[in-house]
Amino acid sequence: MFENLKSKIKIGNVTINNRFVMPTLKLNLCTKDGYITQRDLGFFIARAKGGFGLIFTDEISLDNVFKVDPYGPNYSSQHKLQDIQVLTKSVHKYKSKIFASFCQPGMESCQTVTDKKFPVPSIEFRYHSIRQNVLTDFEIKKVIRDFVKATHFSKEAGFDGLCLNASKDYLLGAFLSPFYNHRDDQYGGNFENRFRIVQEIYHEIRINLGVDFPIGIKLSICDTAVPGRTFEETKKIAIECGKLGFDFVMIIPPFTPDKRISGSYYESMPKENTFEDCKEIRRSLKIPLMLTANVSDPRIGEQCLKDKVCDLVAFGKSGLADSDFPNKVINNHLLDIAPCIHCISGCSESLLLTGSSKCVVNPFLGNEEFIKIEKAKNPLRIGIIGLGLAATSMALYLAKAGHSVEIYHSEDKIGNPYGTYGQNKNEYPVFLDWMLRQYKKYKVTLHLNSSPTPKEILAMNFDRIIIGYGANPYKPTIKGIDNKDVYPVEDLFLGKVTAGENNVILGSGYQACEAATFLSDRYKQVTILTKNDYLLSDLDGLPNPEFTARLFQSGVSFYRIYQDPTITRHSVIFNIKDRRLMVLYDRVFYATGYDNMVPVYNQLLTLGYPKDNIFIIEKKGNVGLSAVEGIRVAKLIQ
Ligand code: SF4
């Protein structure tokens, strides 16, 4: 089984042990200056240990000004060399290979990092809110030099190869695309001119690093907008790259430049077309082709290799959800793989909101070096009351550590305890099935339809009690809240209610903003009303003006209100500073937090239960953070 995925392949002169690729992903785990951190290192070591034959770094910026992520890597300074060598050596220890991915993000640069104008081939008027600097011929030469400078110590640092990111609307991708590139000089116009910058960068890097060092290019398969880059042109670029001497091509799904849409778009894209297109490109290539198309099922990956769609398959999100993904596939432990459910609630778009990449199903992500399951010296009897997401992962963690864990859950089945995942595909039950299998394996006892009173909890004589529930949406006490078209926001994510044409969202935290994105991506009108001065006030991650700006660009309105609004049959009436306003609605969604369980905690204390033996899980605004919260509390007990 999986003979193709298990087989070796050569990229240039470098032998890759199998066809599992951990592609470049947004991690945001470095320091502000782009230095590697222990968390960053831990992430890559875990994937190497987990069996990935080839691992890519996250996007390395050419300088510390134009970066994809505020905490993304930047290796421009020589004194970072030793740190990078530690990284590459650590990965090599597990027989994996590591390639560096270099990127000049152009108009995708992070707005919080710099107030400089973003480099672009030509002004793109549709993105009027983005500060753009049309590169002069002189500045293009500087970009070429920057690439050379940034990549020049790749070999010395121990990387096995490198990749130039020319996908999407990153600078090189923008030069390649007629949608962005309207220049009439030697870098614009016909295909040869648009391709010139890639060609020049390649030549310079090749001279610097020698013929033996694998160099690849990342391309979107096409731009979906007109007049964007067509599939035929991508094929031509790939062929030209092969002729130039590139050692591999990496293909990612189509890019939609006319709507700079969220990661959710990629999650929901049909992959079949990309497969067919890749197959056609591959037929024309003499160098390996890697496919990065959100493949998470190893059987599909295997089939792609069999069908000659590609030569290597990236399992990015799967590798986030389970760092041991390749080893579990290779050893045929498929049912043990923690499944990526394509929710993008912890990684992708929400990344900047939560500080660094998080995963709903993998609370260890980004903390692999710090949170390890250690066998408990004194195994305890632990009772978990209620099953929110934090408690779900916590129960497994504690059971793996050797504790005896019992869960009491008020529902008749374990279900989606938090209403924001599965906004693209409802794959959450796949995760629940996996969790139930894990509970069985690690002997977690699950009592369904069970809501013990504090007295009953006390009588059970647990060594430790964890108050894990509190996932009921808090209903604000405002006039009209019980009207027909007023719903908790999670009903929208759970598909219990459809979006309206005119939606009012009460609240400004993560859930409210996620709902606003969800609705505006579907071209619905959205008005956010909140008593907070700014959006995303409930997150403990980084500030994210990009996200807020994007909401406004999508036409979302935001009002800071000073008193509770009134909901009438068709409108919401509210006061801003000096005016009384009204907005019509056909749906109102409240995203005003969750009931907390402090009363249960207090009653247990009143009944004499020792304070030190009782733990309460804090409610988090994001599911990724929620999973981490479960592990935080579990660590306190361990
Ligand atoms: S957060 Fe969701 S989409 Fe991202 S890796 Fe985890 S399960 Fe997959």
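The values are calculated or read from the model by the stated rules, or taken from the named source; none is laboratory data. Because the structure is predicted, anything quoted here is derived from the model rather than measured. We place every Cβ from the backbone using ideal geometry, glycine too, and count neighbours over all the protein chains shown.
So the values come out like this:
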{"item": "Test result for residue 314, within 27 Å of residue 490 (Cβ to Cβ), assigned by TED's automatic domain parsing to the domain that holds residue 54 and within 16 Å of the ligand (Cβ to nearest atom)", "result": "no"}
{"item": "Per-region count, the stretch 545-600, residues in a loop (DSSP other than H, G, I, E, B), charged (D, E, K, R) and at pLDDT below 80", "result": "1"}
{"item": "Conditions (1) assigned to a loop (DSSP other than H, G, I, E, B); (2) modelled with pLDDT of 90 or more; number of the one not met by residue 115", "result": "(2)"}
{"item": "Lone unmet requirement of (1) in a strand (DSSP E or B); (2) closer than 28 Å to residue 110 by Cβ; (3) out of contact with any helix residue (DSSP H, G or I) (no Cβ under 8 Å at 6 or more places or on another chain) for residue 55", "result": "(3)"}
{"item": "Residue tally, condition touching an Asp or Glu at 6+ places or on another chain (Cβ under 7 Å) and closer than 16 Å to residue 35 by Cα, over the stretch 84-101", "result": "1"}
{"item": "Any hit, the stretch 326-335, residues being under 23 Å from residue 49 (Cβ atoms) and within 14 Å of the ligand (Cβ to nearest atom)", "result": "no"}
{"item": "Condition broken by residue 138, with the remaining ones in (1) in contact with a helix residue (DSSP H, G or I) (Cβ under 6 Å, 6 or more places away or on another chain); (2) farther than 13 Å from residue 171 by Cα; (3) not acidic (Asp, Glu) satisfied", "result": "(1)"}
{"item": "Residue check for residue 323: of a type in the set (Ser, Thr, Tyr), within 14 Å of the ligand (Cβ to nearest atom) and either over 16 Å from the mean Cα position of the chain (by Cα) or modelled with pLDDT of 90 or more (or both)", "result": "yes"}
